[in-house]
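Input: a single structure, listed below in structure tokens.
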Amino acid sequence: MLAADILQKFVDEMGEAVMRERFDDYRAGVRLPLDILTSVASLTVSTVEDLRGGFDDFTEMLRNRSVTDMIRVVMDAGFESPDCVVGIYETNLLSGDQHVVPPFYSKMWLCRSGDAWQATKIHNTTQDHRWPMLLSRVNPVQWPPKELIQ
């Protein structure tokens, strides 16, 4: 399977877990501690309780903003090793056909654990300062996002 296909399947499944508020499915896709970099902060989610709190706050934010669709599109991906994939994807959060926030980009590191892929690190172009990420500061970014390509 191609790295881009692995990452696309992963972000689709994780997006579905978020949109359907299925924490157990989401939790299965995360290896703790999870390192999160934004344009302005370096964060670490260390415990299941912290992951759960962030998940709950994020899904509540999506409901409050009437998000109907989370569309993620892999732009580039490759294997760092046979069991690790790194790639960049675009996220679009929509309410009907309107963007709730500008599209933003993320670089994700996935590592395989048995048959399952898990996120170990995420770097995105948002301006969030803390976990949970509530997407209160999302500036428009053009492709390719220079901060993620370095």
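The values are calculated or read from the model by the stated rules, or taken from the named source; none is laboratory data. Just so it is clear, the model here is predicted, and its values are computed rather than measured. For neighbour counting, all protein chains shown are included, and Cβ atoms are generated from backbone atoms with ideal geometry for every residue, glycine included. Surface areas here come from the heavy atoms of the whole protein model, side chains and all, with no ligands, DNA or RNA. Shrake-Rupley method; radii C 1.70, N 1.55, O 1.52, S 1.80 Å.
Among residues other than S39 whose Cβ falls under 13 Å from its Cβ, what is the net charge (Lys/Arg +1, Asp/Glu -1)?
Numbers: positive: K107, R137, K146; negative: D128, E147.
Combined, the nearby Lys, Arg, Asp and Glu give +1.
Net charge of the neighbourhood of L93, taken over other residues with C-beta under 13 Å away and scored Lys/Arg +1, Asp/Glu -1, is 0.
Between T38 and L43, N124, the built amide H atoms are under 5 Å apart, and every one of these is 5 or more places off in sequence or on another chain.
If you put +1 on each Lys and Arg Cβ and -1 on each Asp and Glu Cβ, how big is the dipole of segment 3-124 around its Cα centre, in Debye rounded to 20?
With Lys and Arg at +1 and Asp and Glu at -1, about 140 debye.
With all protein chains in place and a 1.4 Å probe, the accessible surface of the chain carries 48 percent carbon and sulfur. When the chain is treated as a Gaussian network with alpha carbon springs shorter than 10 Å, the biggest mean-square fluctuation among R72, R31, R22 belongs to R22. Computed over protein heavy atoms with a 1.4 Å probe, the accessible surface of segment 3-124 works out to 48 Å² per residue. In the chain, the DSSP beta bridges split such that about 90 percent are antiparallel, to the nearest 5. When only alpha carbons are used to place a centre, segment 100-147 and segment 42-76 end up 10 Å from one another. Using the Cα gyration tensor of segment 1-63, with a ≥ b ≥ c the square roots of its eigenvalues, what is the shape: rounded (a/c below 1.5), prolate (a/b larger than b/c) or oblate (neither)? It comes out oblate by the Cα gyration axes. Using the Karplus relation 6.51 cos²θ - 1.76 cosθ + 1.60 with θ = phi - 60°, the per-residue 3J(HN,Hα) values for segment 130-137 come to 8, 9, x, 7, 10, 6, 7, 10 Hz, with x marking Gly and Pro. If the chain linking E49 and H99 were pulled fully straight, counting 0.36 nm for each residue of separation and taking away their Cα-Cα distance, it would gain 15.0 nm. In this calculation the C-beta distance from N92 to M1 is compared with R0 = 30 Å, giving a FRET efficiency of 0.80. When only the Cβ of Lys, Arg, Asp and Glu is charged (+1, +1, -1, -1), the dipole of segment 1-40 relative to its Cα centre reaches about 100 debye. The residues packed around G15, meaning those with a beta-carbon under 14 Å from its beta-carbon, carry a net charge of -3 if Lys and Arg are +1 and Asp and Glu are -1.
Given Cα pairs under 8 Å that are at least 6 residues apart, what percent is the relative contact order of the chain?
On the way: 291 pairs, mean separation 38.2, N = 150.
Across the chain, relative contact order equals 25 percent.
With a Förster radius of 25 Å applied to the beta-carbon distance between R20 and R130, the computed FRET efficiency rounds to 0.50.
Extension gain D35-R112, at 0.36 nm per residue separation less the Cα-Cα distance, in nm? Intermediate values should be presented prior to the final figure.
On the way: separation 77, 0.36 × 77 = 27.72 nm, distance 1.65 nm.
Net length gain for the segment: 26.1 nm.
Note on the chain: the alpha carbon radius of gyration divided by the globular reference 2.2 N^0.38 Å gives 0.97.
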